[in-house]
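Following: one structure in structure tokens, then a few remarks.
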Amino acid sequence: MSADLLRAIEHAAVRGWPALESADIDGWIWRSTSGGSIRANSAATVTWHGTDIAQTIETCEVLYRAREAPCVFTISDVSMPSDLDARLAARGYARGDDHVTMAKALPMAVSRPVLSGPLLPANAHTSTTPTDAWFATYLSGLSEDRRGVARRLIANLPAQALFVSVTPVALERDPQPLTSSTGQTTSTGVTILDGRLASVQCMATQPEYRRQAGAWHVLSAIEALAQQGGASHLYLQTGSDNLAAQALYTKFGFHILGRYHTRTK
């Protein structure tokens, strides 16, 4: 897995979680959403084709200041220019929490439909729009400050987004089947096919159903959808301190490809 793959994933991640407001600043993508996720309220710095880095930084600062928001930059292993992190530190920007970008290479794409076919787990369901039950489960995993804008961010996802819901139906092949028989949505996810890449986003499980393989079923469904769409890699991003999630993703076949953090004035 190369820097080129990581760069492609970083670009796909920006497209796959668009902010409610954005602007191209010399190749960087300035993003603002008035709350919610860090990604949707920071400048993505994957590509830069300007001539004066100080001016580019100051342009972002002016835009955030106009919205009475802190100026935040997302810094990854492939950010441009390569010394951006040091430049921001010298300007008084504080380093934020660390995150990891993980990827999984997929086998050759299958040739039969999987939206309701046999490759999907029996208790996984997909749709092109989120149901109320999907939202209830997804929101259960968000902090209070992110819930207010969550529906607007989801509504702003690319048209190719597929929403995955898992219901608590036991699978004979599953050593830890979900135990409830209520039929409610217990786990959620989203995937967005972007060329040869497919994302894993919006992973959540209702608190009372955690550690019952719901997330595994969501991942299995997303992998099937990605294979059908011709993707070569799955990717996701999560906190460096979220060791439980990383352990699950590693067991599923993901590897850490890169890291990123924020710098905030």
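The values are calculated or read from the model by the stated rules, or taken from the named source; none is laboratory data. As the structure is a prediction and not an experimental result, all values here were calculated from the model. Cβ atoms come from the backbone with ideal geometry, glycine included; neighbour counts cover every protein chain shown. Heads up: the accessible areas ignore ligands, DNA and RNA and are worked out on the full protein's heavy atoms, side chains in. Shrake-Rupley method; radii C 1.70, N 1.55, O 1.52, S 1.80 Å.
Considering segment 60-70, and only residues there that are part of a loop (DSSP other than H, G, I, E, B) and in contact with a strand residue (DSSP E or B) (Cβ under 7 Å, 6 or more places away or on another chain), the residue that is surrounded by the fewest Cβ atoms within 10 Å (Cβ to Cβ) turns out to be ARG67.
The residues of segment 86-125 that are open to solvent by 50 Å² or more (accessible area, probe 1.4 Å) and modelled with pLDDT under 80, listed by number, are MET108, SER111, ARG112, PRO113, LEU115, SER116, PRO118, LEU119, ALA122.
THR74 - would you say it is open to solvent by less than 50 Å² (accessible area, probe 1.4 Å), closer than 19 Å to ALA13 by Cα, of a type in the set (Ser, Thr, Tyr) and touching a residue at least 60 places away in the same chain (Cβ under 8 Å)?
Yes.
When ALA23, ALA8 are screened for being open to solvent by 10 Å² or more (accessible area, probe 1.4 Å) and within 19 Å of the chain's Cα centre (by Cα), only ALA8 passes. Restricted to segment 1-25, and to residues there that are among the charged types (D, E, K, R) and in a helix (DSSP H, G or I), the residue that is farthest from ARG65 (Cα to Cα) is ASP4. For THR56, the stated conditions do not hold, so it cannot be described as open to solvent by less than 10 Å² (accessible area, probe 1.4 Å), among the polar types (S, T, N, Q), under 18 Å from LEU6 (Cα atoms) and at pLDDT 95 or above. Of the residues making up segment 78-86, at least one is among the small types (Gly, Ala, Ser) and either closer than 15 Å to ALA23 by Cα or in contact with an Asp or Glu (Cβ under 8 Å, 6 or more places away or on another chain) (or both). When segment 236-265 is filtered for residues that are more than 19 Å from SER165 (Cα to Cα) and of a type in the set (Ser, Thr, Tyr), the ones remaining, listed by number, are THR238, SER240, THR250, TYR260, THR262, THR264.
When segment 213-231 is filtered for residues that are outside any helix (DSSP H, G or I) and either open to solvent by 30 Å² or more (accessible area, probe 1.4 Å) or closer than 11 Å to VAL164 by Cβ (or both), only GLY229 remains.
The set of residues from segment 126-173 being open to solvent by 60 Å² or more (accessible area, probe 1.4 Å) and at pLDDT below 90 comprises GLU144, ASP145, ARG146, ARG147, GLY148, VAL169, ALA170, GLU172, ARG173. Among the residues of segment 130-162, the ones that are among the aliphatic types (A, V, I, L, M) and part of a loop (DSSP other than H, G, I, E, B) come to 3 in all. Quick check: anything in segment 18-26 modelled with pLDDT of 95 or more, farther than 23 Å from LEU193 by Cα and of a type in the set (Val, Ile, Thr)? The answer is yes; a qualifying residue exists.
Among the residues of segment 26-59, write down those that are over 18 Å from the mean Cα position of the chain (by Cα) and in a strand (DSSP E or B).
Kept after step one, since they are over 18 Å from the mean Cα position of the chain (by Cα), are these residues of segment 26-59: 26-28, 34, 47-59.
Scanning segment 26-59 gives a single hit, TRP28.
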